[in-house]
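A.B. asks: Have a look at this one.
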Amino acid sequence: MENNILLKALVDGGFLTQESVVQLARDSASLKKSVEELITERRLIPELTLAATKSKLLNIPHKSFAPEAIVKSLLELIPETTARNYSVIPLSRENNLLVVGMLHPDDARALEALRYIAKQERVSLGVYLVTKSDLDAALRLYNPFANEIQQAVRSLNVSSESTSTHRVQLEASGGKVGDEAPIITI
């Protein structure tokens, strides 16, 4: 969706002021981010308001969902890399219909990838617009421990240049067991 169309709709709806639109357009160009990303990051308007506005503009229905309701077999239909690259998540599969949620349902490349998957699975495709927070929560289902591992690694605050090998003496009942053993922090 073009930034100008979304911004005009948000101003017409009374959700943004003209001054904030000018600032968003300027920031979007300088930061190389979409206006939608900036609005979401800065929490300028509620996420559901943004979704409702986009839904109306694109003529694609918005759907809220509970990420925990997505079963593992659904996640296997769309590979994690595809889901993350195209901001898409499978929501349900009933009979011959695969229903997906998309952050950008107007993305032609994403739709092409989804049509390919639907063709492989021999199903029709249904598309809903979803919010960024719902999508992010659902994407965590692919690898539920990735965030915890990344936070643990970051908390170590270890850089590759400053890492050194630490050695300790192992002793058993007062005598030496062997040479020094490296300690590895995970």
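A.B. asks: If you take all C-alpha pairs in the range 1-130, what percent of them are over 27 Å apart?
C.D. replies: Working: 2201 of 8385 pairs.
In whole percent, the share of Cα-Cα pairs in the range 1-130 beyond 27 Å is 26.
A.B. asks: Could you rank Thr82, Thr131 by how accessible they are, 1.4 Å probe, largest area first?
C.D. replies: On the way: Thr82 30, Thr131 5 Å².
The ranking, largest first, comes out as Thr82, Thr131.
A.B. asks: Excluding ligands, DNA and RNA, what is the solvent-accessible area per residue of the range 22-69 at a probe of 1.4 Å, expressed in Å²? Before the final figure, lay out the partial values.
C.D. replies: Details: 2990 Å² over 48 residues.
Accessible surface, normalised per residue, equals 62 Å².
A.B. asks: Hey, another quick one. Which of Lys63/Lys132; Lys56/Lys119; Lys33/Lys72; Lys33/Lys63; Lys32/Lys63 have a Cα-Cα distance over 21 Å? Write down the numbers at each step before the final one.
C.D. replies: Working: Lys63/Lys132 12 Å; Lys56/Lys119 28 Å; Lys33/Lys72 32 Å; Lys33/Lys63 25 Å; Lys32/Lys63 28 Å.
Violating the 21 Å Cα-Cα cut-off are Lys56/Lys119; Lys33/Lys72; Lys33/Lys63; Lys32/Lys63.
The values are calculated or read from the model by the stated rules, or taken from the named source; none is laboratory data. Computed from a predicted structure; not experimentally measured. Each accessible area value is taken on the protein alone, full model and side chains, heavy atoms only, with ligands, DNA and RNA left out. Shrake-Rupley method; radii C 1.70, N 1.55, O 1.52, S 1.80 Å.
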